[in-house]
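Asks: Take a look at the following structure, please.
The values are calculated or read from the model by the stated rules, or taken from the named source; none is laboratory data. Not measured: the values here are computed from a predicted model. Cβ sites come from the backbone with ideal geometry, for glycine too, and all protein chains shown count toward neighbours.
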Amino acid sequence: MQSNKSMKHILILTLALGLLTGCGKEESAVAEKTSNATPDTKVATGGDFLAENAKKEGVKTTASGLQYLVLKSGSGPSPKATDGVKVHYHGTLINGTVFDSSVERGEPISFPVGGVIPGWVEALQLMKVGDKWKLFIPAKLAYGEQSPSPQIPPNSVLIFEVELLGIEK
């Protein structure tokens, strides 16, 4: 009898412990899924985003996988990989988190076309001065596994609104 009574207590304690630890798991499970996602999971999520995005009206996809949407058309020349450019940009992750923005700083930035991530190099050479595009850059054309910042998780798809203000030789 004594061992039967002990088993009941152990069973009740186990159930109670299970109920207590189960409370609030939904919220933490969601947070855990996003913060502890493996690179493969993030790639799959980014891949899913890009697959759905490609179906949207006006979105164009290049052979490399870069996607863009023309927001405003300019009429100036297109820069070459060896040119410098002056741009305004606003960068976010697919969840909307802003990681960098010359727009928010209120100051355009100048840099060599060939000195940025491959997705930008490709897009800038397709743009004309005066264009404003929304870029959807796959991780392989962005930073891949080697993120330069804790604000950008490895293997992230990056979204940029880019306005090409000028070419600087």
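Asks: Just the residues that are out of contact with any helix residue (DSSP H, G or I) (no Cβ under 8 Å at 6 or more places or on another chain) and not in a loop (DSSP other than H, G, I, E, B), please, taken from region 87-96.
Replies: Result: GLY91, THR92, LEU93.
Asks: Looking at LEU164, LEU124, LEU93, which is the one that is within 18 Å of the chain's Cα centre (by Cα) and in the same structural domain as ALA51 (by TED's automatic domain parsing)?
Replies: Values: LEU164 fails: within 18 Å of the chain's Cα centre (by Cα); LEU124 fails: within 18 Å of the chain's Cα centre (by Cα).
Being within 18 Å of the chain's Cα centre (by Cα) and in the same structural domain as ALA51 (by TED's automatic domain parsing) holds for just one of LEU164, LEU124, LEU93, which is LEU93.
Asks: Name every residue in region 48-68 that is farther than 18 Å from GLY144 by Cβ and of a type in the set (Phe, Trp, Tyr), in order of residue number.
Replies: Of everything in region 48-68, just one residue is farther than 18 Å from GLY144 by Cβ and of a type in the set (Phe, Trp, Tyr), namely TYR68.
Asks: Restricted to region 136-151, and to residues that are buried (at least 19 other Cβ atoms within 10 Å of the Cβ) and out of contact with any Gly (no Cβ under 7 Å at 6 or more places or on another chain), which residue is nearest to GLY76 (Cα to Cα)? Before you say what the answer is, go through the steps one by one.
Replies: Just the residues of region 136-151 that are buried (at least 19 other Cβ atoms within 10 Å of the Cβ), to begin with: 136-139, 141-143.
Now restrict to residues that are out of contact with any Gly (no Cβ under 7 Å at 6 or more places or on another chain): 136, 143.
Values: PHE136: 23, TYR143: 29 Å.
The qualifying residue nearest to GLY76 (Cα to Cα) is PHE136.
Asks: If you check PHE99, PHE111, which single one turns out to be in a strand (DSSP E or B), in the same structural domain as ALA54 (by TED's automatic domain parsing), without any contact (Cβ under 8 Å) to a residue 60 or more places away in the chain and closer than 29 Å to GLU57 by Cα?
Replies: On the way: PHE111 fails: closer than 29 Å to GLU57 by Cα.
On inspection, the qualifying residue turns out to be PHE99.
Asks: Would you pick out the residues in region 123-140 that are assigned to a helix (DSSP H, G or I) and in contact with a strand residue (DSSP E or B) (Cβ under 9 Å, 6 or more places away or on another chain)?
Replies: ALA123, LEU124, LEU126, ALA139, listed by residue number.
Asks: For region 53-92, enumerate the residues that are of a type in the set (A, V, I, L, M) and more than 16 Å from TRP133 (Cα to Cα). Lay out the reasoning, then the answer.
Replies: Residues of region 53-92 of a type in the set (A, V, I, L, M): 54, 59, 63, 66, 69-71, 81, 85, 87.
Result: ALA63, ALA81.
Asks: Take region 45-86 and flag every residue that is of a type in the set (Gly, Ala, Ser), part of a loop (DSSP other than H, G, I, E, B), in contact (Cβ under 8 Å) with a residue 60 or more places away in the chain and closer than 14 Å to PHE136 by Cα.
Replies: Pass one, region 45-86, residues of a type in the set (Gly, Ala, Ser): 46-47, 51, 54, 58, 63-65, 73-76, 78, 81, 84.
Going one step further and asking which of them are part of a loop (DSSP other than H, G, I, E, B), we end up with 54, 58, 63-65, 73-76, 78, 81.
Now drop any that are not in contact (Cβ under 8 Å) with a residue 60 or more places away in the chain, which leaves 64-65, 74, 76.
Selection gives SER64, GLY65.
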